[in-house]
Amino acid sequence: MTDEEAAAEALSIDPGRSSVVLFVGTKGSGKSAGARQIFDSWPADRVVIDVTGDARPDDPDTIALTAPFPSQLPEPDHDAGQKRITAWARVDPRSPTYEHDQDQALGLALYPRHRNTLAWIDEYGQAATAAKIPPNLRLALNSSRHYYLTLLLACPRPRHIPTLTIQQADRVFIFRLPNPADREVVAENAGIPLPTFERQYHDAQRRDKHAFLLWNPHDRILLNCPPLPGIAHRGPRA
């Protein structure tokens, strides 16, 4: 398999099993565009937790929700031909309950626990920190397979997120990280020798501004990948 084929295959996430997929990189590097491609192709229930308002789903049947959020997703109306639920959870960063609201929104994807659900947290660095993991998120990171949950987590500064995220990730997309401390955190928690990581990272950045590294912890492979399909031509949204 070529690097190009591996990059395209990386966007294909099996909805029949739970995965944690992490995207890290500065704004404009391609992380949210990659997450959106996976989100758009997901065939089952979907929840996007959106702080900026940039991640609204294209599905015209999207349910728009604001805090306080319900305790679980509604059931699809099968009589009306509805096959899945798509929920857009808008979280207001000005709210005094901001952190709680984000974690409450994640509960939508956890319950009911018998349904295969994808949750995309577009500003993951604001949902959890290295010092504090809210309860629903801790449950999701540690026990996603028991809740049929797949997580898409996008953030610009891996140094500031819980290290558990990198350790639990099934795939890590590494876009532009200009701060060496961020690269060191990824390499250390993924178990990649830092000289190897740095060499491949700089090779990718010289290749293209939207090129990225793909870390597969199961196979212990770090791939140097070209831009994700379509991103180089239209440019990433975030």
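Only the coordinates and a few stated rules stand behind these numbers; no lab work does. This structure is a prediction, so every number in the text was calculated from the model and none was measured. Note: ideal-geometry Cβ built from the backbone for every residue, glycine included; neighbour counts use all protein chains shown.
In a shell of Cβ-Cβ distance under 15 Å around I192, excluding I192 itself, what net charge do Lys and Arg (+1) and Asp and Glu (-1) give? Could you put the intermediate results ahead of the total?
Working: positive: R171, R183, R199, R220; negative: D182, E184, E188, E198, D203, D219.
Its environment carries a net charge of -2.
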Among A64, Q37, S95, which residue has its Cα positioned farthest towards the positive end of the charge dipole of segment 1-147, with +1 placed on the Cβ of Lys and Arg, -1 on the Cβ of Asp and Glu, and the dipole taken about the Cα centre? S95
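Treat every Asp and Glu Cβ in segment 104-192 as -1 and every Lys and Arg Cβ as +1, leave all other atoms uncharged, and give the resulting dipole magnitude about the Cα centre to the nearest 20 debye.
On the way: 10 positive and 6 negative charges, 41 e Å.
For segment 104-192, the charge dipole is close to 200 debye.
How charged is the neighbourhood of P162? Take every other residue with its Cβ under 9 Å from the Cβ of P162, and add Lys/Arg as +1 and Asp/Glu as -1. Numbers along the way, then the final one.
Details: positive: K132, R138; negative: none.
Value of the local net charge: +2.
Rounded if a/c is under 1.5, else prolate if a/b beats b/c, else oblate: with a ≥ b ≥ c from the C-alpha gyration tensor eigenvalues square-rooted, which is segment 1-139? Don't jump to the answer; show the numbers that get you there.
Values: a/c = 1.61, a/b = 1.09, b/c = 1.48.
Oblate.
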Mind checking the dipole of segment 169-238: about its Cα centre, +1 per Lys or Arg Cβ, -1 per Asp or Glu Cβ, Debye to the nearest 20? 360
With semi-axes √(5λ) of the Cα gyration tensor in Å defined as stated, name the option among [x] 29, 19, 17; [y] 31, 23, 17; [z] 40, 20, 16 computed from the structure displayed. [x]
In terms of the charge dipole of the chain, which places +1 on Lys and Arg and -1 on Asp and Glu at the beta carbon, the residue among S19, A204, L139 farthest towards the positive end is A204
Lys and Arg at +1, Asp and Glu at -1: add these up for the other residues within a Cβ distance under 14 Å of T86 and post the number. -1
Give me S29, S41 ranked fewest to most by other Cβ atoms within 10 Å of their Cβ, as a rough exposure proxy. S41, S29
DSSP beta bridge pairing in the chain, given as percent antiparallel to the nearest 5: 25
Set of lysines near K31 by C-alpha distance (under 19 Å), chain-local residues within fewer than 8 positions excluded: K209
Low-density loop cleavage sites - trypsin sites (Lys or Arg not before Pro) in segment 94-170, where at most 11 other Cβ are within 10 Å (DSSP): R94
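Quickly estimate the mean residue ellipticity at 222 nm for the chain, helices only: each DSSP H run with n ≥ 4 gives -39500 (n - 2.57), and the total goes over all residues, rounded to 500. Walk me through the numbers on the way to the answer.
Details: 8 runs with 76 residues, N = 238.
It lands at -9000 deg cm²/dmol.
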Percent antiparallel among DSSP beta bridges (both partners in segment 47-178, rounded to 5): 5
